[in-house]
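Q: Can you keep this structure in mind? I'll have questions shortly.
The values are calculated or read from the model by the stated rules, or taken from the named source; none is laboratory data. Keep in mind that what you see is a predicted model, and the values were worked out from it rather than measured. Reconstructed Cβ throughout: ideal geometry from the backbone, glycine too, with neighbour counts over all protein chains shown. When the accessible area is computed, the model is the full protein with side chains, heavy atoms only, and any ligands, DNA or RNA have been set aside. Shrake-Rupley method; radii C 1.70, N 1.55, O 1.52, S 1.80 Å.
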Amino acid sequence: MTLAPIAIVSAMHEELRALLPALGPARVARLGGREFHCGSVHGQAVVLVLSGIGKVAAATTAALLIHEFKARALVFTGVAGGLRRGVKVGDVVVAQQLLQHDMDASPLFPRFEVPLSGRSHFEADARLVDALAGAAQRCLDRADAIIGSDRRLAFGIDSAQLHQGLIVSGDQFVSSAAQSTALRTLLPDALAVEMEGAAVAQVCADFGARFAVIRTISDRADDSAHVDFKRFIEDVASAYTHAIIEDWLLHTPSF
Ligand code: SAH
């Protein structure tokens with residue numbers, strides 16, 4: 001019997017493109033306007049898919065992966081804006097919890113709480129988090145081999161660090177100092193902000209599915225957040241994601 005696949009989900013084309021060659025010969029299934037690439041990486045069944053950007057796109061993708069593809073775990077990869085001090089461009093963040101920063105049904109429910117769920121924070125799978133954090137650290141330790149020292153210096157990346165903790169998500173590209181300051185004030189524990197992770201977390205909680213979210217910091221969610229965004233994803237984040245996912249699948253044969 002073929003084991004249920006591990007799903008690797010990317011928000012953007014550049015990231016998926018970097019991962020596809022690792023998959024080998026793949027079967028493509030089309031569903032819900034998405035292409036699901038089914039194959040294997042280092043002997044493990046894997047399905048790769050582009051979710052699209054934002055919470056709804058991510059939620060649709062997660063539900064399809066769990067229900068139609070019987071994914072036994074979901075890993076959402078991509079980039080994010082650094083929020084907390086010390087979370088710099090080129091760092092990697094693995095989420096331990098996720099929260100929707102744009103969820104606000106107050107005064108009916110406390111701010112950030114998903115109505116009728118009784119919770120605002122959704123936990124990622126601890127074993128997956130540990131394994132991905134291990135893979136990310138090994139990759140950061142050989143950053144020059146993965147992205148090249150020229151690129152590392154061009155993006156001002158120096159001693160990139162791994163962080164673990166809270167990632168917040170919302171349907172908003174946070175690209176002004178005013179917006180990021182407001183988020184930091186409201187959610188001082190938040191390490192980074194992106195647009196999909198907490199939606200995947202909520203869907204996975206509904207289905208009891210294991211998941212993790214891993215992000216390379218592409219910007220500081222401030223007035224220069226858009227600068228070189230595309231180039232960063234192509235030159236740095238996609239290379240990291242590819243290296244981290246391969247390393248993780250190679251080092252966790254029993255997963
Ligand atoms: N389509 C545009 C922007 C992509 S939206 C482009 O290609 O230029 C940003 C994507 O990166 C989302 O998938 C989101 O999860 C993540 N992201 C990176 N920095 C972010 C920030 N500062 N605020 C919100 N999301 C961010």
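Q: For the chain, what % of the accessible area comes from carbon and sulfur atoms, probe 1.4 Å?
A: Roughly 54 percent of what the probe reaches on the chain is carbon or sulfur.
Q: In debye to the nearest 20, how big a dipole does the chain give about its Cα centre with +1 on each Lys and Arg Cβ and -1 on each Asp and Glu Cβ?
A: Numbers: 23 positive and 28 negative charges, 81 e Å.
So the dipole magnitude of the chain works out to roughly 380 debye.
Q: Give me a comma-separated list of calculated 3J(HN,Hα) values for segment 158-172, in order, Karplus coefficients 6.51, -1.76, 1.60 applied at θ = phi - 60°, integers in Hz, x for any Gly or Pro.
A: 9, 6, 4, 10, 9, 10, 9, x, 8, 10, 10, 10, x, 7, 6
Q: Related question: For a Förster distance of 22 Å, can you work out the FRET efficiency between the beta-carbons of residue 44 and residue 207, rounded to the nearest 0.05? Intermediate results must be reported in sequence, preceding the final value.
A: Working: r = 21 Å, r/R0 = 0.94.
That pair, residue 44 with residue 207, gives E of 0.60.
Q: If you average the C-alpha positions of segment 1-32 and of segment 179-219 separately, how far apart do those two centres end up, in angstrom?
A: Here the two parts' Cα centres lie 22 Å apart.
Q: Relative to the compact globular guide of 2.2 N^0.38 Å, what is the alpha carbon radius of gyration of segment 24-74, as a ratio?
A: 1.11
Q: Further, regarding this structure: Please turn the phi angles of segment 130-137 into ³J(HN,Hα) values with the Karplus equation 6.51 cos²θ - 1.76 cosθ + 1.60 (θ = phi - 60°), one per residue in order, whole Hz, x for glycine and proline.
A: 4, 5, 5, 5, x, 5, 5, 5
Q: Report, largest value first, the span of the C-alpha coordinates of segment 10-153 along each principal axis, in whole Å.
A: Principal extents (Cα only, largest first): 51, 40, 26 Å.
Q: Between 15, 194, 113, where does the largest GNM mean-square fluctuation fall for the chain, given springs only between Cα atoms within less than 10 Å?
A: Answer for the Gaussian network model of the chain: 113.
Q: Starting from the Cα gyration tensor of the chain, take the square roots of the eigenvalues, sort them a ≥ b ≥ c, and report rounded, prolate or oblate (rounded when a/c is under 1.5, otherwise prolate if a/b is larger than b/c, else oblate).
A: Numbers: a/c = 1.67, a/b = 1.09, b/c = 1.54.
Because a/c hits 1.5 or more and a/b fails to exceed b/c, the chain counts as oblate.
Q: Express in nm, to one decimal, how much length is gained between residue 182 and residue 20 on full extension, taking 0.36 nm for each residue of separation and deducting their alpha carbon distance.
A: Numbers: separation 162, 0.36 × 162 = 58.32 nm, distance 3.77 nm.
Separation in residues times 0.36 nm, less the Cα-Cα distance, equals 54.5 nm.
Q: How many Å² of accessible area per residue for segment 6-251, probe 1.4 Å?
A: 41
Q: Per residue of segment 16-30, in order, report the coupling 6.51 cos²θ - 1.76 cosθ + 1.60 (Karplus, θ = phi - 60°) as ³J(HN,Hα) in whole Hz, putting x for Gly and Pro.
A: 5, 4, 5, 8, 4, x, 5, 7, x, x, 10, 9, 9, 10, 9
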